[in-house]
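None of the figures in this text is laboratory data; all of them are computed from the coordinates on show. As the structure is a prediction and not an experimental result, all values here were calculated from the model. A quick note on method: Cβ atoms are made from the backbone with ideal geometry, for glycine too, and the neighbour counts reach across all protein chains shown.
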Amino acid sequence: MRRRNFTIGLLLATATRSVRAQEPAKHRIAVIAAGPVARIHDPGIPLFRVFLEELRRLGDVEGQNLTVEGYSGGGRPEGFADLAREVVSRNPDVIVASTNPVALAVRAATGTIPIVWIGAEPIRYGLATSLARPGGNLTGVTIDAGIEVFGKYLQILKEAVPSASKVAFLGMRTPYYEQQFQQPVREISQRLEISLIDMLVQESTPSEIERVFAEIAKDRPDAIIVSAMGNLAAHRRLIVELVEKSRLPALYLSREYVEAGGLMAYEGDFGELGRRMADDVHQILNGTRPGDIPIYQPTKFDLVINLKAAKALGLTIPPILLAGADEVIE
């Protein structure tokens, strides 16, 4: 009897191990957004909607073999380091970092947990050694085609407002901007005979954004370019309202602003960026080192024009610019 019970127990243990071996691996990813709300599961955000859809298509299904945790940076860069350390202490399989400041904070907190990032200028920021082989524990996607794309932004504004000779740039004041970005974009603007005015926010708060708009009024710019940084996008409705009050034509580097009533947006295909990020995560979960996965750089950008906003400004968009738009909102 004892021998029979032992045999049955051995068979049950073997069967249990077999069932467990067939169960899908459980993975956990943490997504850190820079803004005040994580918005990972917001269907109105193309980047994350497509990201989750593509993960499902690849077999990484949230609620089955995958857990997705969303974290918010609160729109305050000074808190990113503490948040990064907290997320790292939870030891997820992959950390998805939205924006350069978040990625830099996460990478400072861990050199081992894989990071999939979305941002800009990874080599200039020191996030990667090259696009082809980023090295270290980070890969991801860049939202622009390099610093020279700033010239394209200015050309679009010049086409929309031929008389524009002075353009303000709304962005975040960071060491990178002041040390590496500021001079190259000034040189680009000078080649196009446009004077560029810095309109830099110290922190992403409504009062600070209102302050820079009040200060820029004395410089009387002809138009404005608004950065796509997530810290600012969290306040996009306020920014669009302030632009409208200033009666300035504006080019936004994210279509979310146009959906909030802004004039024009020129951005990479965020759906494609979301798919690329999901593919990066999938490869990492299946054993590929992030430093061996090339960083994706978009080659196609979409121009979206809001004719209602143009009418409110009394601005007539040239037919040639309308003809080249990927989407015109009536």
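Whole-percent P(r), segment 35-87, all Cα pairs, 10 Å bins from 0: 22, 42, 31, 5.
In a reduced charge model with +1 at each Lys and Arg Cβ and -1 at each Asp and Glu Cβ, the chain shows a dipole moment near 1260 debye about its Cα centre. Which of the three applies to segment 128-214, rounded, prolate or oblate, going by the alpha-carbon gyration tensor with a ≥ b ≥ c and a/c under 1.5 meaning rounded? The shape class here is oblate. Once the convex hull of all Cα atoms in segment 89-158 is built, its volume per residue stands at 87 Å³. For the chain, the longest principal axis of the C-alpha atoms and the axis of helix 2-22 are separated by about 20°.
Given axes a ≥ b ≥ c from the Cα gyration tensor, I'd like to know whether segment 140-288 is rounded (a/c under 1.5), prolate (a/b larger than b/c) or oblate. Prolate, since a/c reaches 1.5 and a/b exceeds b/c. The separation of segment 218-243 from segment 49-78, counted between C-alpha centres, amounts to 28 Å. When each of the peptides 96-107, 152-163, 253-264 is scored by how many other beta carbons lie within 10 Å of its residues on average, the order from highest to lowest is 96-107, 253-264, 152-163. Placing R0 at 25 angstrom, the Cβ-Cβ distance between ARG56 and ARG237 gives a FRET efficiency of 0.20 after rounding to 0.05.
Rounded to the nearest 500, the 222 nm mean residue ellipticity of the chain from helices alone is -12000 deg cm²/dmol, with -39,500 (n - 2.57) taken per DSSP H run of at least 4 residues.
For the chain, find the longest principal axis of its Cα atoms and tell me its angle to the long axis of helix 149-160, 0 to 90°, nearest 10. With both axes taken from Cα atoms, the answer is about 40 degrees.
Projected label points at ASP42 and ARG28, each 7 Å from Cα along the beta carbon direction, are separated by 2.6 nanometres.
Each Cα pair under 8 Å and six or more residues apart adds its sequence gap; the mean of these over the residue count of segment 40-130 is a relative contact order of 19 percent. Within the shell of other residues whose beta carbon sits under 15 angstrom from the beta carbon of ARG275, the net charge comes to -2, with Lys and Arg scored +1 and Asp and Glu -1. Straightening the chain between ASP326 and LYS218 buys 35.4 nm, computed as 0.36 nm per residue apart minus the Cα-Cα spacing. The relative contact order of segment 126-253, computed from alpha carbon pairs under 8 Å that lie at least 6 residues apart in sequence, is 27 percent. Straight Cα distances below 17 angstrom link LYS300 to the lysines LYS152, with same-chain residues fewer than 8 positions distant left out.
Think of segment 173-330 as having a plus end and a minus end, set by charges on the Cβ of Lys, Arg, Asp and Glu; of THR299, ILE188, ILE209, ILE209 sits farthest toward the positive end of this dipole. Working from Cα pairs under 8 Å separated by at least six residues, relative contact order for segment 251-296 is 26 percent. Is the C-alpha gyration tensor of segment 238-290 telling us rounded, prolate or oblate? Criteria: a/c under 1.5 is rounded; beyond that, a/b larger than b/c is prolate, otherwise oblate. Since a/c reaches 1.5 and a/b is larger than b/c, the shape of segment 238-290 is classed as prolate. Charge tally for GLY136 (other residues, Cβ to Cβ under 15 Å; Lys, Arg +1; Asp, Glu -1): +1.
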